[in-house]
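Let me begin by presenting the structure, written as structure tokens, before commenting on it.
The values are calculated or read from the model by the stated rules, or taken from the named source; none is laboratory data. Here the structure is a predicted model, which means the values were calculated and not measured. In this analysis, Cβ positions are derived from the backbone assuming ideal geometry, glycine residues included, and neighbour counts consider all displayed protein chains.
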Amino acid sequence: MTAAQSGSFQEDHAGTARLWDEQIANRELAMSPFSWRVSSLVEVTYKPEVAFYRQGSTGKLLWKPATPAEAFGAAAEYLSGSAAWYAWRAKEDLIKTAQFKALGVTDFRTKAARELRDERLQKKSIGFIHQASRYRGKANYREALFLAYGSATETILSGFADDMAAVLKAYLSMAGAFAKRKLGGNLWSEFVTDVAPKRAFTSRAADVWN
């Protein structure tokens, strides 16, 4: 989607996430909840934005949603947690800069330090691809270590793979529709036709992009 929209291809996750947020989410070119984003990493800015997406849902990240409303609540909570995580990382990077060291402080308790912090956080926005990249890192390097340990794991993971497949299919359907409109039906049809006989996965392209 980012390549079709901007004509450029990013070679790392950070670049792709930034381009997605700027070119897709910020322009409201994705469907909900893939379109969700926060415009800043300053807490007083992003908290109300997350609350708007949550729409009063009581769904929690660690609950298994029983309704679409609860699922949206969990998604909003992950967006909030991701914003807090990216803000923490940005602050950790800021502490290492000459600008921060020149203040002669070690935290953000002073007004000058807070202003420097907020100036940096205000310029950073995050969206779905930032969250997906973060989730991928957690899944690969942390959660995978615990999948085979603990008596409750199998119960907690019940239905997880099916749910992930549903999310992936929804995302791919959206991406295909977007690319088809952006690139034109003929070029898109050529792509789908080429994928079909050479695919390395069991699902047929036509089942997703029909």
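Quick check: is even one residue across the stretch 67-76 outside any loop (DSSP other than H, G, I, E, B), over 27 Å from Arg120 (Cβ atoms), assigned by TED's automatic domain parsing to the domain that holds Ala132 and free of Cβ contacts under 8 Å to residues at least 12 places away in the same chain?
Of all residues in the stretch 67-76, those outside any loop (DSSP other than H, G, I, E, B) come to 68-76.
Checking which are over 27 Å from Arg120 (Cβ atoms) leaves us with 68-74.
The next check asks that each one be assigned by TED's automatic domain parsing to the domain that holds Ala132; those that pass are 68-74.
Filter once more, so that each one left must be free of Cβ contacts under 8 Å to residues at least 12 places away in the same chain: 68.
Looking for residues that are outside any loop (DSSP other than H, G, I, E, B), over 27 Å from Arg120 (Cβ atoms), assigned by TED's automatic domain parsing to the domain that holds Ala132 and free of Cβ contacts under 8 Å to residues at least 12 places away in the same chain, one finds at least one in the stretch 67-76, hence yes.
Residues of the stretch 92-146 that are closer than 22 Å to Ile24 by Cβ and among the polar types (S, T, N, Q): Gln122, Ser125, Gln131, Ser133. A count restricted to the stretch 35-48 and to residues that are assigned to a loop (DSSP other than H, G, I, E, B) and closer than 24 Å to Glu119 by Cα stands at 5.
Scan the stretch 16-34 residue by residue and report those that are part of a helix (DSSP H, G or I) and touching a Phe, Trp or Tyr at 6+ places or on another chain (Cβ under 9 Å). Outline the logic, then answer.
The first filter runs over the stretch 16-34 and keeps only residues part of a helix (DSSP H, G or I), leaving 16-25.
Scanning the stretch 16-34 gives Thr16, Ala17, Trp20, Asp21, Ile24, Ala25.
Go through the stretch 87-161 and tell me which helices (runs of 4 or more DSSP H), entirely inside it, have 2 or more residues that are surrounded by 13 or more Cβ atoms within 10 Å (Cβ to Cβ), of a type in the set (Ser, Thr, Tyr) and modelled with pLDDT under 95. Steps first, please.
Details: elements: 98-101, 111-122, 128-141, 153-156.
Helices (runs of 4 or more DSSP H) meeting the threshold: 128-141.
Looking only at residues of the stretch 87-140 that are of a type in the set (Val, Ile, Thr) and farther than 20 Å from Gly15 by Cβ, we find that the one that is nearest to the chain's Cα centre (by Cα) is Ile95. Within the stretch 1-15, the set of residues being assigned to a helix (DSSP H, G or I) and surrounded by 19 or more Cβ atoms within 10 Å (Cβ to Cβ) comprises just one member, Thr2.
Taking each residue of the stretch 11-39 that is in the same structural domain as Gln55 (by TED's automatic domain parsing) and looking for partners that are aromatic (Phe, Trp, Tyr) with beta-carbon atoms closer than 6 Å, six or more apart or interchain, yields Phe34/Phe128; Trp36/Tyr53; Val38/Tyr46. Quick one: would you say Gly56 is assigned to a loop (DSSP other than H, G, I, E, B) and farther than 21 Å from Ala166 by Cα? In short, yes. The numbered conditions (1) surrounded by fewer than 19 Cβ atoms within 10 Å (Cβ to Cβ); (2) β-branched (Val, Ile, Thr); (3) out of contact with any Ser or Thr (no Cβ under 9 Å at 6 or more places or on another chain) are all true for Thr45 except (3). Close contacts from the stretch 177-197, counting a first residue that is part of a helix (DSSP H, G or I) and a second that is not hydrophobic (A, V, I, L, M, F, W, C), with Cβ to Cβ under 7 Å and a gap of 6+ residues or different chains, come to Lys182/Gln5; Trp188/Lys180; Ala196/Arg204.
Taking the condition of a type outside the set (A, V, I, L, M, F, W, C), touching a Ser or Thr at 6+ places or on another chain (Cβ under 6 Å), on the phi < 0 side of the Ramachandran plot and surrounded by 13 or more Cβ atoms within 10 Å (Cβ to Cβ), does Ser82 pass? If you could, list the steps in order and put the result at the bottom.
Values: of a type outside the set (A, V, I, L, M, F, W, C): yes; touching a Ser or Thr at 6+ places or on another chain (Cβ under 6 Å): no; on the phi < 0 side of the Ramachandran plot: yes; surrounded by 13 or more Cβ atoms within 10 Å (Cβ to Cβ): yes.
Against the criterion (of a type outside the set (A, V, I, L, M, F, W, C), touching a Ser or Thr at 6+ places or on another chain (Cβ under 6 Å), on the phi < 0 side of the Ramachandran plot and surrounded by 13 or more Cβ atoms within 10 Å (Cβ to Cβ)), Ser82 does not qualify.
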